[in-house]
Every structure is written in C-alpha cells, then in structure tokens.
Amino acid sequence: MQVPLLDLKAQYATIKTDVLAAVSDVLESQRCIGGPKVTELEEKIAAVSDCKFAIGASSGTDAILNSLMSLDIGAGDEVITTPFTFFATVGCIVRTGARPVFVDIDPKTYNIDPALVEQAVTEKTKAIMPVHLFGQMVDMDPIVEIARKHDLDVVEDAAQSITSTYKGSKAGSIGTLGCFSFFPSKNLGGAGDGGMIVTNDEQLHDRIKIMRNHGSNPKYYHKFVGGNFRLDPIQAAVLLVKLAHLDEWSEARRRNADFYNKKFADTIVETPYVHPDCVSIYNQYVIRVPRRDQLVAHLREQGIGCEIYYPRPMHLQECFRDLGYKEGDFPQAEKASKEVLAIPVYPELTDGMKQYAAETILSYPAR
Ligand SMILES: Cc1ncc(COP(=O)(O)O)c(C=O)c1O
C-alpha cells in the first residue's frame with residue numbers, strides 16, 4: 001500500500017466541477033488582475049478570521065514581507081522570532097534590512113517560548129513575530145502583554161494555522177496583523193502560490209493595499225517603494241471553492257489525529273501536544289521519535305510519505321551566518337530538528353491507510 005504525505009488529486013476529484021466553473025468565470029471575464037473574486041475572498045477570509053480587513057497577497061512570503069514593509073520595519077530594527085520555522089519567516093525580516101533575534105521554542109508545542117521573549121527585547125526591537133506552527137497557535141497572552149509594555153507590533157505568521165484558535169480567538173486576529181499562506185499543501189491551498197494579510201487596523205490596511213501595488217496611489221504616483229504583492233484572481237477563484245470545505249477538512253484532519261493519538265498512546269512515539277487553550281487544525285501531524293532518520297528510511301521503504309519540518313533551525317542556516325549564532329544557542333529547536341517527523345494526516349486518508357501508517361510506525365522502534 002502507498003500512503004503519500006498528501007494527496008491533492010484525491011481532494012481535487014471531490015471539487016473538480018466547481019473549481020473548473022470558478023476558473024472559467026475568471027477567464028471569461030478576463031479580469032486577470034484583482035477584481036470581484038479577489039474582493040470576495042478577502043471579505044470571506046476576514047470574516048472567518050474575525051478581522052475587519054483582509055488583503056490578498058501573491059504568497060504567504062509576500063504577505064509577511066508586505067506586512068513588515070508596511071510597518072516600516074527596516075535597517076537598524078530588530079524583530080524577535082523563532083528559529084524553528086519555515087525559512088520565509090526569517091528571510092522576510094532580513095530582506096527588509098532588519099535583524100532577526102531568535103528565542104528558543106517550547107519543546108512541547110514547538111512554538112516560540114513566551115517566557116523567553118522579554119529578555120530578548122532591546123531598544124531596537126520593533127516587532128515580535130510568533131509563528132503558529134503545524135496548525136496550533138502560540139500562547140499569545142504573554143506575547144501581547146510584552147508587546148504592549150514595550151510598544152511593539154505583533155506580526156502573526158499564521159501561514160500554517162488559518163482558522164485555528166487560542167482561547168477562542170482566531171489565528172491572525174490577536175496581533176497587529178496576521179499572515180496566511182495558500183501554498184497548495186496548506187489546509188486551505190490554492191492551485192499555485194497565494195497568501196493573505198488580516199488586520200483590524202484601517203490605516204494599516206490602506207497602507208498594505210498601496211504597498212502591494214508598488215506603493216502607488218494614485219497609479220504612477222509612488223508614495224513609497226512597494227512591490228507586486230497581488231493575489232491572482234484565478235487563485236482567488238479556486239480558494240473560494242475550497243474555503244467552503246475548510247471546516248469539514250480541518251475536522252477530518254482532527255479525526256485522523258485522534259486516531260493516531262490513540263494508536264500511539266503509551267508507546268515510544270510522542271504525539272503532538274495541543275494546549276488546552278488551543279484548537280489545532282493539524283496542518284501537519286508531527287511525531288517525535290528516537291532514531292528518527294532510521295524511521296524515515298523505513299517509512300520510505302514501506303511506501304509511507306513523511307517529511308521533516310524542519311531539519312535545520314534558522315540560526316544554523318548558512319545564509320544567516322553573519323547573525324553570529326552558533327550550535328547550542330537554541331537547544332530545544334536543535335533537539336526538535338533531530339527528532340520530529342510529519343506523517344500523513346490529510347483529510348482524504350482512508351481508515352486502511354491510517355491503520356497501515358500507524359502500524360508501520362509502531363513496528364519500527366521494536367525492531
Ligand atoms: C511558517 C510559514 N511561514 C511562511 C510561509 C510562506 O508561505 P508561502 O510558501 O505561501 O510563500 C510558510 C509556507 O510555506 C510557512 O509554513
């Protein structure tokens with residue numbers, strides 16, 4: 001049996017007619033930039049995120065970059081974030097000219113450890129960028145308190161956590177703004193790249209909208225240097241179809257996670273910890289195991305997809321050498337990078353596939 005990490009063809013088969021009709025609408029209209037589909041998606045993403053405003057973006061990366069640029073973050077500034085994240089979080093900070101300042105993670109949730117954040121604040125700190133990893137939000141209350149005390153912005157990297165909640169608040173709705181990714185493998189993924197920024201700040205919303213069009217307002221008159229950060233209407237059309245299914249898909253992921261949680265209870269396999277204040281959307285289901293790399297080889301041999309998110313923390317990346325971090329600086333992030341493994345949790349997994357994946361994983365450590 002083959003169990004891929006993700007099977008987008010299985011999902012597409014269930015929505016194909018609607019997707020083709022929605023894409024055809026855009027093509028027939030020939031509104032190829034902006035237009036009603038983008039506006040409708042922005043309104044709907046704002047609504048599901050309990051935010052007043054949403055601004056489409058060309059990718060999750062560009063959502064983050066636009067956010068930082070619109071907050072005027074740049075050379076001489078510092079942004080506090082986690083070293084255990086996808087590259088884009090940190091790459092965007094560096095691209096603005098600001099310096100990323102890392103804080104280690106909570107080993108249970110893999111999210112930034114709020115208890116370590118305040119000691120990283122300096123007079124140069126402009127923002128904190130918590131990343132809601134694997135579908136679960138960061139413990140946001142202490143982050144917000146530190147931000148208030150030191151007058152900092154909070155940019156939520158919610159690329160992996162759209163519609164997940166913390167104490168009932170939606171991802172993206174707690175900070176100054178929140179950024180989503182519609183990369184195809186995400187819970188809500190397009191047929192290509194896409195992203196979105198949400199905020200309750202009207203002035204910031206206006207600035208982000210101008211920034212995404214090269215900072216021009218009116219056209220050909222540039223207030224500041226922005227970029228082409230626009231969401232493609234064909235992507236918006238696909239995403240509108242998929243958004244209608246998001247809750248049911250997230251529910252199916254949670255059911256799959258419950259299945260694994262029961263299977264792995266009292267075994268050598270450490271299951272994902274979900275804080276009682278949080279509802280996870282399980283963008284990934286990440287286990288922790290000893291001898292992880294041997295398990296990876298075993299799963300590949302047995303036809304089971306898996307992926308290491310992330311094998312090398314950001315402070316040890318070659319391109320960030322100049323930041324001056326070294327091995328041992330963030331022991332929890334480093335340990336996690338050697339032990340974590342994401343296994344298939346996508347909504348269309350059949351009972352047989354889950355059973356096979358779980359049993360294959362459990363058969364391994366005993367060998
Ligand atoms: C935590 C995190 N931040 C940012 C991004 C960037 O999103 P995108 O791939 O849409 O540019 C991703 C997605 O891969 C992500 O997982």
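Dividing the mean sequence gap of close Cα pairs (under 8 Å, 6+ apart) by how many residues the chain holds gives a relative contact order of 23 percent.
Taking the fewest neighbouring Cβ atoms within 10 Å as the starting point, the ordered list for Ser59, Ser29, Ser161 is Ser29, Ser59, Ser161.
Given the Cα-Cα distance of Glu251 and Lys149 and 0.36 nm per residue of separation, how much length would full extension add, in nm?
33.0 nm
Between Gly35, Gly352, Gly56, the GNM of the chain built on Cα springs shorter than 10 angstrom shows Gly352 fluctuating the most.
Sorted fewest first by neighbouring Cβ atoms within 10 angstrom, Ser173, Ser67, Ser24 come out as Ser24, Ser173, Ser67.
Express the relative contact order of the range 138-261 as a whole percentage, based on alpha carbon pairs under 8 Å and six or more residues apart in sequence.
16 percent
Leaving out same-chain residues fewer than 8 places away, which aspartates and glutamates sit with a Cα under 12 Å from that of Lys242? Partners within reach: Asp18.
In plain terms, the chain is cut at each of the GluC sites (Glu not before Pro) found in a DSSP loop with at most 10 other Cβ atoms within 10 Å, and the longest leftover piece is 124-326.
Taking a sphere under 10 Å around the Cβ of Ile174 and counting the other residues whose Cβ falls inside, with K and R at +1 and D and E at -1, yields a net charge of -1. With a Cα cut-off of under 27 Å and a minimum spacing of 8 residues unless on different chains, the lysine pairs in the range 1-127 number 7.
3J(HN,Hα) along the range 84-97: 9, 7, 6, 3, 4, 3, 7, x, 5, 4, 5, 5, 6, x Hz, from the Karplus curve 6.51 cos²θ - 1.76 cosθ + 1.60 with θ = phi - 60°, whole Hz, x for Gly and Pro. With springs only between Cα atoms under 10 Å, which of Gly178, Gly194, Gly74 fluctuates most in a Gaussian network model of the chain? Per the Cα network of the chain with a 10 Å cutoff, Gly74 tops the list. For the chain, the equivalent ellipsoid built from the Cα gyration tensor has semi-axes of 32, 28, 17 Å, listed from largest to smallest.
Once the chain from Arg300 to Gln30 is taken as fully extended at 0.36 nm per residue, the excess over their C-alpha distance is 92.8 nm. Rounded if a/c is under 1.5, else prolate if a/b beats b/c, else oblate: with a ≥ b ≥ c from the C-alpha gyration tensor eigenvalues square-rooted, which is the range 224-365? Oblate, because a/c is 1.5 or more while a/b does not exceed b/c. Given R0 = 30 Å, the distance between the Cβ atoms of Glu270 and Arg321 translates into a calculated FRET efficiency of 0.40. Note on the chain: helix-only mean residue ellipticity at 222 nm, from DSSP H runs of 4+ residues weighted -39500 (n - 2.57) and normalised by residue number, equals -12000 deg cm²/dmol. Each Cα pair under 8 Å and six or more residues apart adds its separation to the average, and for the range 237-342 the resulting relative contact order is 26 percent. The C-alpha radius of gyration of the range 181-273, expressed as a fraction of 2.2 N^0.38 Å, stands at 1.59.
Label 7 Å along Cα→Cβ of Leu362; the range 316-346 residues with amide nitrogen under 18 Å? Once the point is set 7 Å along Cα→Cβ of Leu362, 343-345 turn out to lie under 18 Å by backbone N, inside the range 316-346. Derived from the Cα gyration tensor, the three semi-axes of the equivalent ellipsoid of the range 113-237 are 27, 21, 11 Å, largest first. Within the straight-line cut-off of under 18 Å between alpha carbons, the aspartates and glutamates reachable from Lys219 are Asp206, sequence neighbours fewer than 8 places apart in one chain being disregarded.
Applying 1/(1 + (r/R0)^6) with R0 = 51 Å to the Cβ-Cβ distance of Gln203 and Gln355 gives a FRET efficiency near 0.45.
Read-outs throughout are calculated quantities, based only on the coordinates presented, and are distinct from any laboratory measurement. Computed from a prediction, not measured in an experiment: that's the story for all the values here. Methodologically, a virtual Cβ is constructed for each residue, glycine included, from the backbone with ideal geometry; neighbour enumeration extends over all protein chains shown.
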